[in-house]
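What follows is one structure encoded as structure tokens, with my remarks underneath.
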Amino acid sequence: MVKAVLNRISIRTSFLLLFLLTTTLSIYSQNFTDTNLPIVLITTGIDPNTNLPFPILDDPRILASMKIIKRTDGTRNYLTDQNTSAFLDYDGRISIEIRGSSSQDLPKKAYGFTTLQADNLSNNNVSLLGMPSENDWILNALAFDPSLIRDYLSYNLARQLGEYATRTEFCEVVLNGEYVGLYLLQEKIKADKDRVNILKITTQDVSLPNISGGYITKTDKTTGGDPVAWTMPSYVGQSDFIHDLPKPADVTVGQDDYIHGKFTDLATSAQTNNTSLTTGYPSIIDVPSFIDFMILNELSSNVDGYQLSTYFHQDRNGKLRAGPIWDFNLTYGNDLFVYGLDRSKTNVWQFSNGDNEGPTFWRDLFNEPNFKCYWSKRWNQLILSDQPLKHSNLVILIDNAVNYISEATVRENAKWGTIPNHAAEIFNLKVFLYFRTNWISSHIGSFSACNAVTTPALVIDKINFNPATSNNFPVSNDLEFIEIKNTGATTINLTGIYFKELGITYKFPANSTITASQTLYLASNSQAFQLKYGVTAFDQFTRNLSNSSQKLVLADAFGNIIDTVEYHDSSPWPDADGNGNYLKLIDTALDNSLASSWTAASDEFLSKALFRSGAKWTVYPNPVGDILSIHGDSQITKIKLYDVLGTLMFDSVENSATVTLDFSRFPRGVYFLVVTDDNESVYKKIIKN
């Protein structure tokens, strides 16, 4: 350990000297020809007044052309590939600017750019290096980070924890023919279904429910020119809050008041230890996102955490959420050593370090016993042997990243001279994580009080994610629904229960209940649901279900998971994609996370009659061997039989009170029988032995 400390002191001294040298000495070009990484080529064109390339400015943006060389087979990329379309991941126009705050003091610049169409005006949503299509991107220059991987490591860990964080891809950049080093191409934080998955609030959203979201807000410096929206006290000063969505120029007074009020309510409830499910902090914030955000900032001992580059977001009708994480270069023992700062330690809580603590609610939340218990529980889950924060797994992630950029690291240092000893830097990072994880584990306290929480017996058992349209109901989204069933023997109080994952938003009203064995429907459009099915929905959710795949997580107010289903529109999931079928759980005793537990049921199952008991029908024997008998007190007019995948196996027109069905031709399994008379249809689950 002493050797490691000495190494760090030596590295810091060398880094300071080399940094000063790079600000005074000219930087030579390299004979860069090929790499295992993608190559980004940016050309700004020639200024006719100087015969030099147009310089990229902090403001305003300038136009440029960009090519990204990336061979799809994973082999090496060559500068000579730039004119071979098959090897180009992107070839088009961009607008570009310098970005960053203190990093702008460095000779190597970071950039923000927007992909444009050929008209140089219209945004061009494209996928870069396999990332989801968008138009706003960042070239992270890895400023003040001699390891070159701190941001990469942190963003990847956040995604492994289940939180959104900007996707990243290492690349090497050539600007106007000059090699400028190793960069991290990454997504810009913004509202988008594949980024921060919230609705975009507009100036017309001035009353409830629309004024409730979506918002992206941050505590940060104001060096970007955006005005401070409001300030909140810290235990060592104050924190400046800045609007990101809506933009400061667009935010209305009512919108500012609304989201500011959310943070004020949070601060008050955290300070008073208010854990009420209706008025306390669990009713205001998504507790798991705040815990994950703190864990990542504390694991990394982020010196900027909570006070700078700290984002929050809230969807319409949703809870306030912490994140995404951002700007993690001054972490894992690293700091602005060139300015005499050394604050990232293994043995301090950054939310109460006497410096960049951020608003008071961070420290107050941590000190509230329930929140701290769940913090400890989550931490102790994440350091298990198969979990991402286990030290050995962190080492594997680090080694893989270092190996991937190893040859680019040499070129980066030859260009900028800012990596005194990369191997020592990586070694010290691993040592830091070893001591940091042990320190947190020994100081976080027990989680026994929240270790065995009993969650209510609620099961998601019907999902209509892409309803078929008709002349009477031409809008598919209006007919979406989710059914939830109480499979227990007692009435459940639904206060505080909500859908945890972004995509749809819903939180049950205070003191609402569901009785034993009762089901309830949440609809996307309650009126359309009533007209279509003749049934009154319990309530209406906000936004719409994905037509391809979505994760539905029902949780209590503290984020304890009650039920989870992640459906898909492809095999092995039953076909309920726009064809008049919906997903139906075969039996609530089955694991509804498995595709095999679901069937595709027809819309005709969901008529008003299906909510009757169906007692006038007798179907026997069940389970059935060869012959199934169906008897009713009225004339049966139609019989249909479906398998568990929703395939129609039998369809007949009848005119009798008693019908027999030959089951000998069908394989063993579960089937659904639909029996119809002149007044109604009823379905029965049939098991074939």
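Considering the range 473-492 alone, what residues qualify as being open to solvent by 40 Å² or more (accessible area, probe 1.4 Å) and free of Cβ contacts under 8 Å to residues at least 40 places away in the same chain?
474, 489, 490, 491
Which ones in the range 583-594 are under 26 Å from the mean Cα position of the chain (by Cα) and surrounded by 15 or more Cβ atoms within 10 Å (Cβ to Cβ)?
Within the range 583-594, 583, 592 qualify.
Answer with yes or no whether residue 495 is surrounded by fewer than 16 Cβ atoms within 10 Å (Cβ to Cβ) and β-branched (Val, Ile, Thr).
no
Out of everything in the range 644-671 that is closer than 25 Å to residue 584 by Cα and open to solvent by less than 30 Å² (accessible area, probe 1.4 Å), what residue ends up being nearest to the chain's Cα centre (by Cα)?
646
Keeping to the range 523-541, report how many residues are touching a strand residue (DSSP E or B) at 6+ places or on another chain (Cβ under 9 Å), part of a helix (DSSP H, G or I) and of a type in the set (A, V, I, L, M).
Qualifying residue count, the range 523-541: 0.
In the set 465, 432, which member is open to solvent by less than 10 Å² (accessible area, probe 1.4 Å), touching a Gly at 6+ places or on another chain (Cβ under 8 Å), of a type outside the set (Val, Ile, Thr) and touching a residue at least 60 places away in the same chain (Cβ under 8 Å)?
Sole residue among the options that is open to solvent by less than 10 Å² (accessible area, probe 1.4 Å), touching a Gly at 6+ places or on another chain (Cβ under 8 Å), of a type outside the set (Val, Ile, Thr) and touching a residue at least 60 places away in the same chain (Cβ under 8 Å): 432.
Step by step: first the residues of the range 222-273, then only those that are among the acidic types (Asp, Glu) and buried (at least 16 other Cβ atoms within 10 Å of the Cβ), then the one that is nearest to the chain's Cα centre (by Cα). Which residue is that?
Within the range 222-273, the match that is nearest to the chain's Cα centre (by Cα) is 244.
Among the residues that make up the range 548-560, is at least one of them assigned to a loop (DSSP other than H, G, I, E, B) and surrounded by fewer than 16 Cβ atoms within 10 Å (Cβ to Cβ)?
yes
So residue 403 ticks every box in (1) part of a loop (DSSP other than H, G, I, E, B); (2) free of Cβ contacts under 8 Å to residues at least 24 places away in the same chain but one. Which box is left unticked?
Failing condition for residue 403: (1).
Identify, by number, the condition in (1) open to solvent by less than 20 Å² (accessible area, probe 1.4 Å); (2) in contact (Cβ under 8 Å) with a residue 60 or more places away in the chain; (3) farther than 17 Å from residue 286 by Cα that residue 569 doesn't meet.
(1)
I'd like the full set of residues that are open to solvent by less than 60 Å² (accessible area, probe 1.4 Å) and either outside any loop (DSSP other than H, G, I, E, B) or in contact with a Pro (Cβ under 7 Å, 6 or more places away or on another chain) (or both), limited to the range 501-519.
The answer is 505, 514, 519.
Among 136, 119, 89, which is the only one that is surrounded by fewer than 19 Cβ atoms within 10 Å (Cβ to Cβ), over 30 Å from residue 295 (Cβ atoms) and not hydrophobic (A, V, I, L, M, F, W, C)?
119
Has the range 283-300 got at least one residue that is polar (S, T, N, Q) and part of a loop (DSSP other than H, G, I, E, B)?
Within the range 283-300, one or more residues are polar (S, T, N, Q) and part of a loop (DSSP other than H, G, I, E, B).
Of all residues in the range 628-643 being modelled with pLDDT under 85 and within 22 Å of residue 596 (Cβ to Cβ), which is surrounded by the most Cβ atoms within 10 Å (Cβ to Cβ)?
642
Listed residues 423, 408, 414; which is out of contact with any Cys (no Cβ under 6 Å at 6 or more places or on another chain), surrounded by 19 or more Cβ atoms within 10 Å (Cβ to Cβ) and not β-branched (Val, Ile, Thr)?
Every option except 408 fails the conditions.
With respect to residue 343, determine if the residue is open to solvent by 30 Å² or more (accessible area, probe 1.4 Å), modelled with pLDDT of 95 or more, under 25 Å from residue 151 (Cβ atoms) and not in a loop (DSSP other than H, G, I, E, B).
Answer is no for this residue.
What's the total number of residues in the range 346-369 that are touching a helix residue (DSSP H, G or I) at 6+ places or on another chain (Cβ under 7 Å) and open to solvent by 20 Å² or more (accessible area, probe 1.4 Å)?
6
The values are calculated or read from the model by the stated rules, or taken from the named source; none is laboratory data. Given the structure is predicted, the values throughout are model-derived calculations rather than measurements. A quick note on method: Cβ atoms are made from the backbone with ideal geometry, for glycine too, and the neighbour counts reach across all protein chains shown. Accessible surface areas use protein heavy atoms only, side chains included; no ligands, DNA or RNA. Shrake-Rupley method; radii C 1.70, N 1.55, O 1.52, S 1.80 Å.
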